[in-house]
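Reviewing the structure listed below.
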Amino acid sequence: MNKESAIQQINKLATAGKPFLLIVDFKCENNHVIPIDQVDASQTLFDVNGIRNFDQPTIQNTPVSLKRNPVTLENYQIKFDLVHSEIAKGNTYLLNLTQPTEIEVKASLKEIFHQSKAKYKLWYKDEFVVFSPEIFVKIEKGQISSYPMKGTIDADLPNAADTILSSDKEMAEHATIVDLIRNDMSRYAKDVAVEDFRYIDELRTSEKHLLQVSSKITGQLNANYLSRLGETIYSLLPAGSICGAPKRRTLNIIEEVEQYDRGYYTGIMGYFDGANFDSGVMIRFIEKEGEGLTYKSGGGIHFLSEVRSEYQEMIDKVYVPVH
């Protein structure tokens, strides 16, 4: 359904207190608002912070080990330089540059779904699988909270936590996104505040041990917020952490520079339980394309960014979080 129909359906179901699953692509062109009793588990499996529509299988799964074939550094640098030229012109301050990486893995998308460890997981029609650590927004008893994630480092590097927290480049990126989301949230919420600025989460993957930096932003919605839940959710899309700032112009530059279709990657998935809403950004994403598989990943480009480190970060994010 289109964006307007999705907003109306969200408002209708939320006002009636009826649970639903929400799936939205990056451009908000493909929107699915599915009442929970209509979710077909043979086509769609989800796990939103432990709320799921399946029983965990006990069968032995195929080991998950990815063979990566990323775009070349030379190809990446062309796009990186285009972004930097736009930054120099003042058209964007921060842009999340993503690229597709061809991968090979023996496990099926459904096996990857079941083996991966993440707050937000989705297997959709065997077309793609998501295992995301990033919260989009939570709405509980009228309080809206966002947790933008911006900044990743190899935890095994010496003094990794101090390094990422003291980096001017990482600070500038993170502060830009926090400010963007705070402004977006203020359209429908009052008393918007940054409750926790730049805290660190640990993440263990099949490949690496990573540290990721997030912040918590909260606000208070009006008493009738359920009747406007659709507008509230879509006012924050696309998520600031996966586009950049200023948002509208940066989205245009992403379209010009990336030269591929993100599709559902960097969209959102969410679950409404009849009273509260929880959702994640669809990063850490594998998609079927023809006979092969593509893993989409990227990171924020700022005026202090260096091409080789950004290229490596894009590759480092090609992983499956399994223990």
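The values are calculated or read from the model by the stated rules, or taken from the named source; none is laboratory data. What you see is a predicted model; the values in this text were computed from it and never measured. As a convention, Cβ positions derive from the backbone with ideal geometry for all residues, glycine included, and neighbour counts pool all protein chains shown. Each accessible area value is taken on the protein alone, full model and side chains, heavy atoms only, with ligands, DNA and RNA left out. Shrake-Rupley method; radii C 1.70, N 1.55, O 1.52, S 1.80 Å.
Averaged over residues, the count of other Cβ atoms within 10 Å places the peptides 30-43, 112-125 in the sequence 112-125, 30-43, highest first.
Roll a 1.4 angstrom probe over the protein heavy atoms and tell me the percent of accessible area of the chain that is carbon or sulfur.
46
The residues of the chain expose, per residue, 44 Å² of accessible area to a 1.4 Å probe.
Once backbone amide H atoms are built at 1.01 Å from N, Ala155 has His209, Leu210, Leu211 as its partners under 5 Å, excluding neighbours fewer than 5 places away on the same chain. Along the axis of the charge dipole computed for the stretch 214-320 (Cβ charges of +1 for Lys and Arg, -1 for Asp and Glu, origin at the Cα centre), the listed residues Ile268, Val257, Ser297 are led at the positive end by Ile268. Largest mean-square fluctuation among Val129, Val192, Val137, in a Gaussian network model of the chain whose springs join Cα atoms under 10 Å apart, belongs to Val192. Converting phi to 3J(HN,Hα) with the Karplus coefficients 6.51, -1.76 and 1.60 and the offset θ = phi - 60°, the stretch 164-178 yields 6, 6, 9, 6, 4, 5, 5, 4, 5, 4, 5, 5, 4, 5, 4 Hz in sequence order, with x at every glycine or proline.
Quick one: which of 237-243, 293-299, 308-314 comes out on top by average Cβ neighbours within 10 Å, and what's the full order, highest first?
Details: 237-243: 25.6, 293-299: 22.6, 308-314: 16.6.
Descending packing order for the listed peptides: 237-243, 293-299, 308-314.
The aspartates and glutamates whose alpha-carbon is closer than 18 Å to the alpha-carbon of Lys106, local same-chain residues fewer than 8 away aside, are Asp126, Glu127, Glu207, Glu287, Glu289, Glu291.
Quick one: length gained pulling Asn91 to Glu195 fully straight, 0.36 nm per residue minus the C-alpha distance? Display every interim value, and only then the final one.
Working: separation 104, 0.36 × 104 = 37.44 nm, distance 2.98 nm.
Separation in residues times 0.36 nm, less the Cα-Cα distance, equals 34.5 nm.
For the pair Ala172 and Asp81 in one chain, pulling the backbone fully straight at 0.36 nm per residue adds 30.8 nm over the alpha carbon distance.
Contact order, relative form, for the stretch 107-258: 22 percent (alpha carbon pairs under 8 Å, 6 or more residues apart, mean separation divided by residue count). Our coupling estimate for the stretch 8-25, obtained by passing each phi through the Karplus curve with A = 6.51, B = -1.76, C = 1.60 and θ = phi - 60°, is 4, 5, 4, 4, 4, 5, 5, 4, 7, x, 9, x, 8, 9, 10, 10, 9, 7 Hz, Gly and Pro reported as x. Using only alpha-carbon positions in the stretch 1-116, the gyration tensor eigenvalues give semi-axes of 34, 27, 10 Å once each is multiplied by 5 and square-rooted (largest first). Here Lys169 is the anchor, and the aspartates and glutamates within straight C-alpha reach of less than 12 Å, apart from those fewer than 8 places off in the same chain, are Glu306, Glu310.
Strictly over 23 Å apart at the Cα level, which of Lys119/Lys150; Lys141/Lys247; Lys141/Lys296; Lys27/Lys288; Lys121/Lys216 would you flag in this model?
Lys141/Lys247; Lys141/Lys296
Taking one equal scatterer on every alpha-carbon of the chain, how large is log10 of I(q)/I(0) by Debye at q = 0.08 1/Å? Ignoring solvent entirely, the Cα scatterers give -0.34.
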